[in-house]
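In what follows, a structure is listed as structure tokens, so that the remarks can point back to it.
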Amino acid sequence: QVLLVESGGGLVQAGGSLKLSCAASGRNFSSYAMAWFRPAPGKEREFVAAIGWGGNNIYYANSVKGRFTISRDHAKNTVYLQMNSLYPEDTAVYHCAARTYYSGSLYPRSYDYWGRGTQVTVSS
């Protein structure tokens, strides 16, 4: 069992930055691929970014590529999402997710564990 707790959300102006954190409790953090998702109209959840259990196999949605960076710290059992050059359309609740596989997936149903999310609001 893995418990995921997100933090770092908030209100920021367009063009600003935020860094989200997702702390994982439980065993074998290094055995999970991790990802970030956010709700989107007409979708179950929209994929944002993923990172494999070794810190490689990194993927981004086209909408955030070049602006967001995903990383993980095994010593702290934490995955991060650095978000730069934020747009109002990035406003959402951001959820982190974990799955017991070496690589992440774009599909939310591939994940075994979810956090409750942290709110990001970007004002224009």
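The values are calculated or read from the model by the stated rules, or taken from the named source; none is laboratory data. Since the model is a prediction, treat every value here as computed from it, not as a measurement. Note that each Cβ is placed from the backbone with ideal geometry, even for glycine, and that neighbours are counted across all protein chains shown. Note: accessible area is taken over every heavy atom of the protein model, side chains too, but ligands, DNA and RNA are not part of it. Shrake-Rupley method; radii C 1.70, N 1.55, O 1.52, S 1.80 Å.
Per-structure values
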| read-out | value |
| --- | --- |
| Fully extended contour minus Cα-Cα distance, from V5 to V93, at 0.36 nm per residue | 30.4 nm |
| Loop-resident sites, the stretch 39-124, for chymotrypsin sites (Phe, Trp or Tyr not before Pro), counting at most 14 other Cβ within 10 Å (DSSP) | Y102 |
| Integer Hz, Karplus 6.51/-1.76/1.60 couplings in order for the stretch 54-60, x for Gly and Pro | x, x, 10, 6, 9, 10, 10 |
| Full-stretch length increase - N62, T121 - with 0.36 nm per residue and alpha-carbon distance subtracted | 19.2 nm |
| Exposed trypsin sites (Lys or Arg not before Pro) absent - longest run of the chain, DSSP non-H/G/I/E/B, at most 11 other C-beta within 10 Å | 66-115 |
| Chain lengthening between D73 and K19 when straightened (0.36 nm per residue, less Cα-Cα) | 18.0 nm |
| Longest to shortest principal axis, alpha-carbon extents of the chain, angstrom | 41, 30, 24 |
| Accessible surface of the chain, 1.4 Å probe, proportion on carbon and sulfur as whole % | 48 |
